[in-house]
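Structure first, then comments.
Just so you know, all these numbers are worked out from the coordinates, no wet-lab data involved. Just so you know, these numbers come straight off a predicted model, no measurement behind them. Every residue, glycine as well, gets a Cβ built from its backbone with ideal geometry; the counts of neighbours run over all protein chains shown.
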Ligand SMILES: Nc1ncnc2c1ncn2[C@@H]1O[C@H](COP(=O)(O)OP(=O)(O)OP(=O)(O)O)[C@@H](O)[C@H]1O
């Protein structure tokens, strides 16, 4: 995936301001940044949900807007919220989405791994936050995507759910799937990613492997992040 000099505005607000990054196939990339840095907007542009004001985005060599129909079956998307109809039952929704794909994952196995069995007949709107999160993850991967975009995949999960999702992300990488995730959990980025990009005010301000950014783990990724994104003080 390649993003080059991307600019996305909401009216007067420039959410993404000349952002560029490349994601190598078969790797896990974490996009970190303070609230409002432009991560979700960038990812949504890659998914074809937003139109760039300038710059370009290529995903699997395709333009997310012009090649939308060709790209959509090949990508998996986990949004920060939503993604299912409020009245639909959890497992029904997963089964339905599986039928839209040619070679879906085995739904009962996915239900078991993500512990969705006990809430399988619960309407989406009545699921707990963690159950919604696990269902959204399942919906993103059930179609065996070539690239999975995961927006804060473990926010609100208990430690068991978090570890299960981490393992599933590792399994995706082992199967050759490219994973792009946004997260505020520094341990998650450190544990899972091959490459980290730190975004601030709509631009990439640092990139590297967790090892290089933490200077061979002599610092924590959280300290590196805090240094990089500290508000600038006026000097007189
Ligand atoms: N639909 C919208 N209309 C207007 N402004 C928006 C819209 N979506 C996002 N923004 C603004 O664009 C900026 C970037 O938002 P974005 O959601 O991309 O950031 P983020 O890095 O994902 O933040 P967070 O970590 O809080 O999820 C923010 O200032 C936000 O208020």
Just give me the residues in the range 103-122 being free of Cβ contacts under 8 Å to residues at least 40 places away in the same chain, in contact with a helix residue (DSSP H, G or I) (Cβ under 8 Å, 6 or more places away or on another chain) and not in a helix (DSSP H, G or I), in sequence order. 105, 116, 120, 121, 122
Just for the range 173-188: of the residues that are within 21 Å of residue 60 (Cα to Cα) and in contact (Cβ under 8 Å) with a residue 40 or more places away in the chain, which one is farthest from the ligand (Cβ to nearest atom)? 176
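Please find, within the range 189-203, the residue that is farthest from residue 173 (Cα to Cα) out of those that are touching a helix residue (DSSP H, G or I) at 6+ places or on another chain (Cβ under 7 Å) and within 15 Å of the ligand (Cβ to nearest atom). Break it down into steps so the answer makes sense when it comes.
Looking only at the range 189-203, we keep the residues that are touching a helix residue (DSSP H, G or I) at 6+ places or on another chain (Cβ under 7 Å), and these are 189-193, 196, 198-200.
With within 15 Å of the ligand (Cβ to nearest atom) added as a condition, the list becomes 189, 196, 198-200.
Values: 189: 14, 196: 15, 198: 21, 199: 23, 200: 27 Å.
Result: 200.
For the subset of the range 60-81 comprising residues that are touching a residue at least 60 places away in the same chain (Cβ under 8 Å) and outside any strand (DSSP E or B), which member is farthest from residue 147 (Cα to Cα)? I'd like the intermediate steps shown before the answer.
Let us first name the residues in the range 60-81 that are touching a residue at least 60 places away in the same chain (Cβ under 8 Å), namely 60, 73-80.
Checking which are outside any strand (DSSP E or B) leaves us with 60, 73-74, 79-80.
Working: 60: 8, 73: 10, 74: 7, 79: 14, 80: 17 Å.
Once the filter is applied, the top-ranked residue is 80.
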Kindly provide the set of residues from the range 15-59 that are part of a loop (DSSP other than H, G, I, E, B), touching a helix residue (DSSP H, G or I) at 6+ places or on another chain (Cβ under 6 Å) and touching a residue at least 60 places away in the same chain (Cβ under 8 Å), ordered by number. 33, 34
Answer yes or no as to whether residue 33 is within 16 Å of the ligand (Cβ to nearest atom), surrounded by fewer than 16 Cβ atoms within 10 Å (Cβ to Cβ) and more than 25 Å from residue 100 (Cα to Cα). no
Subset of the range 202-236 (residues that are surrounded by 16 or more Cβ atoms within 10 Å (Cβ to Cβ) and at positive phi): 202
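How many residues does the range 143-153 contain that are buried (at least 24 other Cβ atoms within 10 Å of the Cβ) and in a loop (DSSP other than H, G, I, E, B)?
Initial filter on the range 143-153 (buried (at least 24 other Cβ atoms within 10 Å of the Cβ)): 148-150, 153.
With the extra rule that they be in a loop (DSSP other than H, G, I, E, B), the set shrinks to 153.
Summing the residues that are buried (at least 24 other Cβ atoms within 10 Å of the Cβ) and in a loop (DSSP other than H, G, I, E, B) in the range 143-153 gives 1.
Being within 11 Å of the ligand (Cβ to nearest atom) and surrounded by 15 or more Cβ atoms within 10 Å (Cβ to Cβ), is that true of even one residue in the range 22-29?
So in the range 22-29, the residues within 11 Å of the ligand (Cβ to nearest atom) come out as none.
No, there is no match, as no residue in the range 22-29 is within 11 Å of the ligand (Cβ to nearest atom) and surrounded by 15 or more Cβ atoms within 10 Å (Cβ to Cβ).
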Restricted to the range 1-14 and to residues being surrounded by fewer than 21 Cβ atoms within 10 Å (Cβ to Cβ) and in a strand (DSSP E or B), the residue nearest to the ligand (Cβ to nearest atom) is 10
I'd like to know if the range 82-94 contains one or more residues that are touching a helix residue (DSSP H, G or I) at 6+ places or on another chain (Cβ under 8 Å), in a helix (DSSP H, G or I), without any contact (Cβ under 8 Å) to a residue 60 or more places away in the chain and exposed (fewer than 15 other Cβ atoms within 10 Å of the Cβ). no
Residue among 60, 79, 105 that is surrounded by fewer than 18 Cβ atoms within 10 Å (Cβ to Cβ) and either within 16 Å of the ligand (Cβ to nearest atom) or on the phi > 0 side of the Ramachandran plot (or both): 60
